[in-house]
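Structure first, commentary second.
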Amino acid sequence: RGLLRGLAQTAGDDELHLICGREPPLDLSLPPSMTWHPTSFDPASRLRRILFQQLRLSRTAKDLGAGAVHGPAYVTPLRNRLPAIASVYDLMVLIHPGLCARANRIHYGLVLPRALPRCARIIVPSNAVADSVAALPGVAPDRIEIIPLGIDEEFHEPLADGQVRAVRQRLGLPHRFLLFVGNQEPKKGLEVLVRALARLPLAPPLVIAGKRAWGMGGLDDLIRDSGLSESIIFTGYLPDEDLPALYAAAEWLVFPSIYEGFGLPPLESMACGTPVIASDGGALPETTGDACVRVPAGRAGPLAEAIEACWADAGKREGLIRKGRKQARRFSWRTHAQAVRKVYAEVRGGH
């Protein structure tokens, strides 16, 4: 979605065909040069989606007169009739398979090592991911393009009067709280966060926003056994329009991921004026720079110390708010899309 919005905002002479399932998955305002092309496959079925990607996508693109095909979510056809471009956001299935769902381990574990060496370009969001991709046999480093992701402009915009108060009341949020935003899955380090809070004599309230994904069956038991049931709130999945107010309501965002190929929530939080405590997992040191409090990934002790120190230090909070807003301004979907358009032109031109 961010890429498409950025492409819609940037100038380009090329025509972009957006091949999708039975109907367009996003309601976006697009220029005439960007056209949805619905097909017959059901995107809700993983098997049907994979079969379409591998058996029909390349032919469909060629029939539309395309000069290249871009797989914006890791996958390109193994047998391609056109030069292929793949966007790869991490190689979790290869470097941390235990943190990935079984279906993803099987699918991406089989496809990525075979498809990526055949790509004309591989777009990655960080140096951390670039190093992982370059380590794959057959991948030429000069085909890897590091193009950081962007964050939506909505996170930079001032909030209307009462917007934060309305979200706070609707979700039953405490006056001061720590916030985590993201899918609940093993790589996010939520169990480490709970263990860190359990170490504190007076643990701050924690709000966890995001859907329960997979592999977190023991989280509720851990929270109960740690005596934190009354101080942790699960909001479930929230619509995008609620996120700026939610970030703004929080005292700190805590992002203890074991590994991230980029890490959007810390930057979104910074843009909203809420400082961040983040791990050093994967690309997070690249994306957040010196605009956050850094802790070692996977270690509850240092995380607990950081939370306790930050909760009581108003001066540190104010200093990081200023740094964070500046850091977040470095990343935009417009800039991302302009760099992607350059890749399109080079691949179509045979460079």
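The values are calculated or read from the model by the stated rules, or taken from the named source; none is laboratory data. Computed from a prediction, not measured in an experiment: that's the story for all the values here. With ideal geometry, Cβ positions are generated from the backbone for all residues, glycine too; neighbour counts draw on all protein chains shown. Quick note on the areas: whole protein, heavy atoms, side chains included, nothing else; ligands and nucleic acids left out. Shrake-Rupley method; radii C 1.70, N 1.55, O 1.52, S 1.80 Å.
So, in the range 214-230, exactly how many residues are open to solvent by 30 Å² or more (accessible area, probe 1.4 Å) and in contact (Cβ under 8 Å) with a residue 24 or more places away in the chain? Going through the range 214-230 one residue at a time, the tally reaches 6. Selection of the range 88-126 for residues being surrounded by fewer than 23 Cβ atoms within 10 Å (Cβ to Cβ), among the hydrophobic types (A, V, I, L, M, F, W, C), more than 19 Å from Ile50 (Cβ to Cβ) and modelled with pLDDT of 95 or more yields only Ala120. Within the range 127-146, the set of residues being closer than 22 Å to Gln53 by Cβ and open to solvent by less than 20 Å² (accessible area, probe 1.4 Å) comprises Val129, Val133, Val139.
Taking residues in the range 185-205 that are on the phi > 0 side of the Ramachandran plot, and partners anywhere that are crowded, with 18+ Cβ neighbours inside 10 Å and of a type in the set (Ser, Thr, Tyr), the pairs with Cβ atoms closer than 8 Å and at least 6 places apart or on different chains are Gly189/Ser257; Gly189/Ser279. Scanning the range 311-326 for residues that are out of contact with any helix residue (DSSP H, G or I) (no Cβ under 6 Å at 6 or more places or on another chain) and open to solvent by less than 70 Å² (accessible area, probe 1.4 Å) yields a total of 7. Residues of the range 235-261 that are open to solvent by 10 Å² or more (accessible area, probe 1.4 Å), closer than 12 Å to Leu179 by Cβ and hydroxyl-bearing (Ser, Thr, Tyr): Thr235 alone.
Criterion first (open to solvent by less than 20 Å² (accessible area, probe 1.4 Å), at pLDDT 95 or above and closer than 23 Å to Glu153 by Cβ) does Gly6 satisfy it? When the stated conditions are applied, Gly6 passes them.
Pairing each residue of the range 52-75 that is within 16 Å of Tyr344 (Cα to Cα) with any residue that is buried (at least 16 other Cβ atoms within 10 Å of the Cβ) and of a type in the set (Asp, Glu), provided the two are 6+ apart or on different chains, yields no C-beta distance under 7 Å. Regarding the range 54-61, can at least one residue be identified that is assigned to a loop (DSSP other than H, G, I, E, B), more than 24 Å from the chain's Cα centre (by Cα) and not small (Gly, Ala, Ser)? Yes. No other residue among Ile208, Ile146, Ile223, Ile233 is of a type in the set (Val, Ile, Thr) and under 30 Å from Ala345 (Cβ atoms) apart from Ile146. When Ala304, Ala337 are screened for being open to solvent by less than 40 Å² (accessible area, probe 1.4 Å), in contact (Cβ under 8 Å) with a residue 40 or more places away in the chain, within 18 Å of Leu253 (Cβ to Cβ) and not acidic (Asp, Glu), only Ala304 passes. Just one residue in the set Arg49, Arg79 is closer than 23 Å to Arg121 by Cα, basic (Lys, Arg), in a helix (DSSP H, G or I) and open to solvent by 50 Å² or more (accessible area, probe 1.4 Å); that residue is Arg49.
Checking the conditions here, which among Leu284, Leu264 is within 15 Å of the chain's Cα centre (by Cα) and open to solvent by 10 Å² or more (accessible area, probe 1.4 Å)?
On the way: Leu284 fails: open to solvent by 10 Å² or more (accessible area, probe 1.4 Å).
Answer to the check: Leu264.
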